[in-house]
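First the structure, in the form of structure tokens, and then the observations on it.
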Amino acid sequence: MEAVTPITAIEEEIVDEFSLFDSWEDKYEYIIDMGKKLPALEDQYKKEENKIRGCQSTVWMVSEAKDGRIFYKADSDAVIVKGLISMLIRVFSGQKASDIVSADMKFIDDIGMSTHLAQTRSNGLRAMIRQMKLDAMAWNSKQ
Amino acid sequence: MESVLNKKTLDVQVVREQFPILKRQVKGYPLVYLDNAATSQKPKVVIDALVEYYSNYNANIHRGIHTLAEEATAAYEQTRETVRQFLGAASTEEIIFTRGTTEGINLVAYSWGRANLKAGDEIILSSLEHHSNMVPWQMIAEEKGAKVKIVPISDEGEFNWEAFELMLSEKTKFVSVVHASNALGVINPVKKIIEAAHAVGALVMLDGAQSSVHLDIDVQELDCDFFAFSGHKVYGPTGAGALYGKRALLEAMPPFEGGGEMIKQVTYEWTTYNDLPYKFEAGTPNIADTIALKPALDFVSSIGKDVIRAHEAQLLEYATNELKKLPGLKIMGDVKDKVSVVSFVMEGIHPQDIGILLDNQGIAVRTGHHCAEPLMNRLCIPGTSRASFAMYNTLEEVDSLIRGLNKVIKMLR
């Protein structure tokens, strides 16, 4: 099997990338760019049961397990959220369920995006992470 | 402060001096607070009143015979008199303190609804309603087998008068409508609605959450049966609001909650209830915030709602004109008769993205469905971005909003 970069190493890569930006504009332009580049989710998956609650925008996410690893696909109608999802997918997709569940996600604080983790109705990052971890747990118990 | 008084035009810099929070920086930018329809900031007199209460005369009210209790009771009851004047009610017995508009509506839905509604009765609401003037009626209607009917609106959010007239019948028992829409700012033709509803024998409640800070309220002149508002949207503290109800109706209604304060006599077998307004105020109320609501209302009166309205109308007109110049921007509820709220959508840009990018520039607006999901569905949009103006906002802040939105467009398109 192809070697998978560990979660912590990907997190470090992202932290390094963000350290190059010295203004909020650069940071958000990067996130927006990631959002625009995230492939659109096929329409068949854009249904009620794949929606993540707790987001002001609509977020759909699906996951599957292959050879003990979890793969995610997601989409949103808001581009910043889509960029954040893209970043989460980069960190989690293809990892082992147990690694996903135990990831501390400290890098979000390190890149200055922890405001998106605030427990308000408008920020969905927390809800997305929760759903990704729940999916990982569910796949893990089926294996 | 002196120069604010007795002036026909508002000196916005003098007003701003009264609001300590406006000196704040957010993310390195001066705060531009345009989320006043959600809650307004508080003038120093309100903050001082809270500190003064807890520092000098904190006590439970109405029962104690000691000095502190007497002082606290007097201050609390003075707010009731100020609210009476603020709403133009005939008597302080018609003023019931609540946590805010939502509690006022729930009180009427449960107390009046439980005692009076029966299967087949109809309750009429408008399409503009906030969830808080929708859900309590759906709940009581379900319990009693009554039906909730919704008056449609035009694409701009205007009340469909013809449809309303067709809905009214002897089955109509209650009409509850928002005075001014929180999501769009549109003002409903409440005087006409009240007259028409009364003609078929229905009662009318007005949700005054947005109107009370901007419009002159005279419940006797309006002849509404109930009127609810929240103090925190009128520069007062959160958790302190009031419900007005006509005395005869309130007297006939059963209590909403049971407990201390609302009783006259209690035995192990039976209880007799206190007189108005205490019958509806069970338990220790929110004393501090209610006391600090008085200086908020006095502050508004000292400047004059007409003076504030003229200032806000100028902000609204300027913002509306400038926003329309932005490519792909559409104002929702672009009508003449509205309070100082401007709600808009931008082609290809989600409101949440707008909110996040404006926040990074120190600009606070509200984005989303504004707790009016059925209205957003009716308008076929996921939500809007909403800027809402208060007495302390400036034309320069409108310029900041426009600059901020230009940056949003540059970053997202």
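Out of B:307, B:266, B:335, B:345, one residue alone is surrounded by fewer than 22 Cβ atoms within 10 Å (Cβ to Cβ), within 24 Å of residue A:79 (Cα to Cα) and not small (Gly, Ala, Ser). It is B:345.
Residues in segment A:70-91: is at least one within 14 Å of chain B (Cβ to nearest Cβ), in contact with a helix residue (DSSP H, G or I) (Cβ under 6 Å, 6 or more places away or on another chain), within 23 Å of residue B:367 (Cα to Cα) and basic (Lys, Arg)? So far as segment A:70-91 goes, yes, one or more of its residues are within 14 Å of chain B (Cβ to nearest Cβ), in contact with a helix residue (DSSP H, G or I) (Cβ under 6 Å, 6 or more places away or on another chain), within 23 Å of residue B:367 (Cα to Cα) and basic (Lys, Arg).
Checking segment B:62-75 against the condition returns no match, with no residue being within 30 Å of residue A:23 (Cα to Cα), modelled with pLDDT of 95 or more and outside any loop (DSSP other than H, G, I, E, B). For segment B:307-349, the set of residues classified as among the acidic types (Asp, Glu) and without any contact (Cβ under 8 Å) to a residue 24 or more places away in the chain consists of B:317, B:347, listed by residue number. In the set B:190, B:200, B:177, only one residue is among the β-branched types (Val, Ile, Thr), touching an Asp or Glu at 6+ places or on another chain (Cβ under 8 Å) and surrounded by 22 or more Cβ atoms within 10 Å (Cβ to Cβ); that residue is B:177. In segment B:375-394, the count of residues that are within 18 Å of the chain's Cα centre (by Cα) and more than 30 Å from residue B:307 (Cβ to Cβ) is one or more.
Scan segment B:282-297 and give yes if some residue there is in the same structural domain as residue B:81 (by TED's automatic domain parsing), of a type in the set (Gly, Ala, Ser), closer than 17 Å to residue B:235 by Cα and surrounded by 22 or more Cβ atoms within 10 Å (Cβ to Cβ), otherwise no. Taking every residue of segment B:282-297 in turn, at least one turns out to be in the same structural domain as residue B:81 (by TED's automatic domain parsing), of a type in the set (Gly, Ala, Ser), closer than 17 Å to residue B:235 by Cα and surrounded by 22 or more Cβ atoms within 10 Å (Cβ to Cβ).
Here residue A:113 fits the description: closer than 26 Å to residue A:4 by Cα and either of a type in the set (Ser, Thr, Tyr) or within 14 Å of chain B (Cβ to nearest Cβ) (or both).
The values are calculated or read from the model by the stated rules, or taken from the named source; none is laboratory data. Quick caveat: nothing in here was measured; it's all calculated off a predicted structure. Cβ atoms come from the backbone with ideal geometry, glycine included; neighbour counts cover every protein chain shown.
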